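Only one structure is covered here, and it is reproduced in the block below.
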Amino acid sequence: MSEQLEHIHCLIIGSGPAGYTAAIYASRADLKPVMYTGPQPGGQLTITTDVENYPGYPDGIMGPEMMENFRKQAERLGTDIRYGMVTKVDFSGKPPYKIQVDESKEVLADTVIISTGASAKWLGIESENKLNGHGVSACAVCDGFFFRGKDVAIVGAGDTACEEASYLAKICSKVYMIVRKGEFKASKAMQHRVENTPNIEILFNSETDEILGENKVEGVRIKNNKTGELTTLAIGGFFVAIGHTPNTQIFKDYLDMDETGYLITTPGTSKTKVEGVFACGDAQDKTYRQAVTAAGSGCMAALDAERYLGALGFDM
């Protein structure tokens, strides 16, 4: 006789602001949510230092502390938080869906809320990792505030890089834009915006050789990939804007995604094309990617899951 699988009403995959907010709302709706945190409990905010732009924290808060507060609130309201990683899903047929956790455990879930987030792409150099959170950032909108009046550099050639360079130019003295090739990948409109901003200097055919500084960013050494010439720039902040990778690979056989892997939901909802499966946070948001918008979409996902189960007549 085969072992009976655990049956979960509401399974949340991933932690972070979206997952924890979904958990808070699902708990209050008595959906008895179970959350598997994934490999990085708390998500990207756990590698962020000061968070100044989340409402309700007038003095700001450290990213890890904020995520710990989210976790405690979800736990206090009844969420069963488990450390583990969902490695495989089967969304074929009708719910309950079979979900594999790590390599050995399987559970059944009537509803699934996906909040697996997205991971920033990095250059992969040692100094970038060492100074991450100490002047190195992958989000100008999140962290640009801390570099007001300073000279900064940003790496990237697409629309996001141009948009973030423009944002930084409003608050920083000078913005060096490091572009690997001899042209942008961004739209013409975004190119024109940075080209016409006086305090943005574009360095084409350039790559980051090293980020300089012992305990904080103090400069960057740039290599011209045409001539091999090295140039050192004195800066206080270094931003990486070369894209994000949504953590959605395990859903590719079942859910609609865009060309880069972001999950596609019905506009104005968290609903995916699969019955009872909802997506929230950065796994489905390539536009805003902010903690507050992720939290809002987590609320939507829990409410959508509650209504879905209610319409089916589930007795919680």
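Here, each number is a calculation from the coordinates, and none is a lab measurement. Predicted model only: the values in this text are computed from it and were never measured. Cβ placement follows ideal geometry from the backbone for every residue including glycine, while neighbour counts extend to all protein chains displayed.
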| field | Under 13 Å from the Cα of LYS226 - aspartates and glutamates, other chains or at least 8 residues apart | value | GLU207
| note | Between LEU312 and ILE264, the two model label points (7 Å from Cα along the beta-carbon direction) sit apart by a distance in nm of 2.4 nm
| query | Cross-link partners among lysines for LYS32, C-alpha distance below 29 Å, same-chain residues fewer than 8 apart left out? | reply | LYS72, LYS88, LYS94, LYS98, LYS105, LYS252, LYS271, LYS273
| query | Which residue, PRO41, PRO64, PRO198, tops the fluctuation ranking in a GNM of the chain built on C-alpha contacts under 10 Å? | reply | PRO198
| Of GLU128, GLU103, GLU164, the one that fluctuates the most in a GNM where the chain has Cα springs shorter than 10 Å | GLU103
| Student exercise, the stretch 122-240 dipole from Lys, Arg, Asp, Glu Cβ charges, in Debye to nearest 20 | 260 debye
| query | So what does the Cα-only Debye profile of the chain read at q = 0.12, 0.13 Å⁻¹, as log10 I(q)/I(0), no solvent term? | reply | -0.83, -0.93
| message | Tell me the net charge near ALA23. Cut-off is 10 Å between Cβ atoms, ALA23 excluded, with +1 for each Lys or Arg and -1 for each Asp or Glu. | response | 0
| field | Crossing angle, helix 291-311 versus the chain [Cα axis fit, 0-90 degrees, rounded to tens] | value | 20 degrees
| said: With bins 10 Å wide starting at 0, give me the P(r) of the stretch 1-63 over every alpha carbon pair, in whole percents. | reply: 20, 36, 29, 11, 3, 1
| note | Taking a straight Cα-to-Cα line shorter than 25 Å from LYS223, and setting aside same-chain lysines fewer than 8 residues away, one finds LYS121, LYS130, LYS150, LYS174, LYS181, LYS185
| Given the options ALA120, ALA165, ALA241, which has the most mean-square fluctuation in a GNM of the chain, springs set between C-alpha atoms less than 10 angstrom apart? | ALA120
